[in-house]
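The values are calculated or read from the model by the stated rules, or taken from the named source; none is laboratory data. These figures come from a predicted structure and were not determined experimentally. A quick note on method: Cβ atoms are made from the backbone with ideal geometry, for glycine too, and the neighbour counts reach across all protein chains shown. Heavy atoms of the whole protein, side chains included, go into the accessibility calculation; ligands, DNA and RNA do not. Shrake-Rupley method; radii C 1.70, N 1.55, O 1.52, S 1.80 Å.
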Amino acid sequence: MEIKREKLSGIRKLIGTKLHMSRTSIPHATIMTTVDMTELDKLKKEYKSKGESLSTTAFLVKAIGLKLQKYPQLNTRLEDGEIIYYDTADAGIAVDTPKGLMVVTVKDVANKSIKQITEEMRDVVDRLKRGKASPDEMSGSTFSVSNEAMSTNDYFDSIINNNECIIIGLARAKKQIVVNDDDTTSIRLIANIMGNYNHMLADGMPVAAFLGEVAALMAEPEQLL
């Protein structure tokens, strides 16, 4: 059997070191709920038919940004024993690149339109993959997201980024039979949404309420336009 050895170095080593520090120094906890993506899927297809492509991630970060206004204790970071509170919600968006998982930042997402967020995000991701993104565009987030809706994953666990309070993960959406309140059934597009949070900064009940409200906004995406 032939064995290949390669020294852990460069970006891969940097990513591994940061993630190891986060995982071992922060008490991670996870909450998961479901989100009905049916209306969002319809809305995206409607816009696409008119020649406009909107990003699922843009809807996600917009929903999170709006709800962080209600739950400011989650829009925080722990630094040198102090809790830092932020008055804007700046999204750190995980991006898969040939060099490894990297994060780009879109600022003040609560006060931008879905179209603005989509355009800014795609622009910086494109430049990141070409090695043209600036350090400022890859730092300064107050929360993070990892959207794996295009994968085959039904669930995944995320590691908190840069001492933030929370990172939100969105898994793939699948058609499921849902029992409605009147006991009728319907076929809906359902995905799991996960919140990994720093238990030093937040407890389960407010995180659960926050995640449920984010999911409710995603289920009615017209509210986010």
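Against the longest alpha carbon principal axis of the chain, how many degrees, from 0 to 90 and to the nearest 10, is the axis of helix 10-25 turned?
70
Could you check how much of the accessible area of the chain is carbon and sulfur, as a whole percent, using a 1.4 Å probe?
The value for the chain is 51 percent carbon and sulfur by accessible area.
Can you give the FRET efficiency to the nearest 0.05 for Lys42 and Glu213, using r as the Cβ-Cβ distance and R₀ = 30 Å?
0.90
Suppose R0 equals 35 Å. What FRET efficiency, 1/(1 + (r/R0)^6) with r the Cβ-Cβ distance, do Ile83 and Arg127 give to the nearest 0.05? Provide the component values of the computation, followed by the final result.
On the way: r = 33 Å, r/R0 = 0.94.
That pair, Ile83 with Arg127, gives E of 0.60.
Highest first, please rank the peptides 119-131, 26-38, 157-169 by the mean number of other Cβ atoms sitting within 10 Å of their residues.
Taking the mean over residues of other Cβ atoms within 10 Å, the ranking is 157-169, 26-38, 119-131.
What does the accessible area of Asp136 come to, in Å² to the nearest 10, when a probe of 1.4 Å is used?
Surface open to solvent at Asp136 totals about 100 Å².
How many angstrom lie between the C-alpha centres of the range 184-205 and the range 34-61?
Cα centroid of the range 184-205 versus Cα centroid of the range 34-61: 19 Å apart.
Could you give the size of the charge dipole of the range 74-136 about its Cα centre, using +1 on the Cβ of each K and R and -1 on the Cβ of each D and E, expressed in debye and rounded to the nearest 20?
My answer is approximately 480 debye.
Which stretch or stretches of the range 26-61 have amide N atoms under 14 Å from the point lying 7 Å from Phe156's Cα along the Cα→Cβ direction?
Under cut-off, by backbone N: 57.
Compute, for the range 1-87, the length of the dipole vector about the Cα centre, with Cβ point charges of +1 (Lys, Arg) and -1 (Asp, Glu) only. Units Debye, rounded to 20.
400
Express the relative contact order of the chain as a whole percentage, based on alpha carbon pairs under 8 Å and six or more residues apart in sequence.
30
Please give the calculated 222 nm ellipticity per residue for the chain, where each DSSP H segment of at least 4 residues contributes -39500 (n - 2.57) and the sum is spread over every residue; nearest 500 deg cm²/dmol?
Rounded to the nearest 500, it is -10500 deg cm²/dmol.
Return the distance in nm (one decimal) between the two label points of a simple spin-label model at Gln176 and His28, each offset 7 Å from Cα along Cα→Cβ.
Spacing of the two 7 Å Cα→Cβ label points: 2.3 nm.
I want to check the label-to-label distance for Ala149 and Glu222. Put each point 7 Å from Cα in the C-beta direction and report it in nm to one decimal.
Once both label points are built, they end up 1.8 nm from each other.
Using packing as a proxy for protection, rank 174-185, 99-110 so that the peptide with the highest average count of other Cβ atoms within 10 Å comes first.
99-110, 174-185
Roughly what angle does helix 56-68 make with the longest principal axis of the chain, taking Cα atoms, 0 to 90 degrees, to the nearest 10?
90
Work out how much length Lys18 to Asp96 would gain on full extension: take 0.36 nm times their residue separation and subtract the Cα-Cα distance, in nm to one decimal.
26.5 nm
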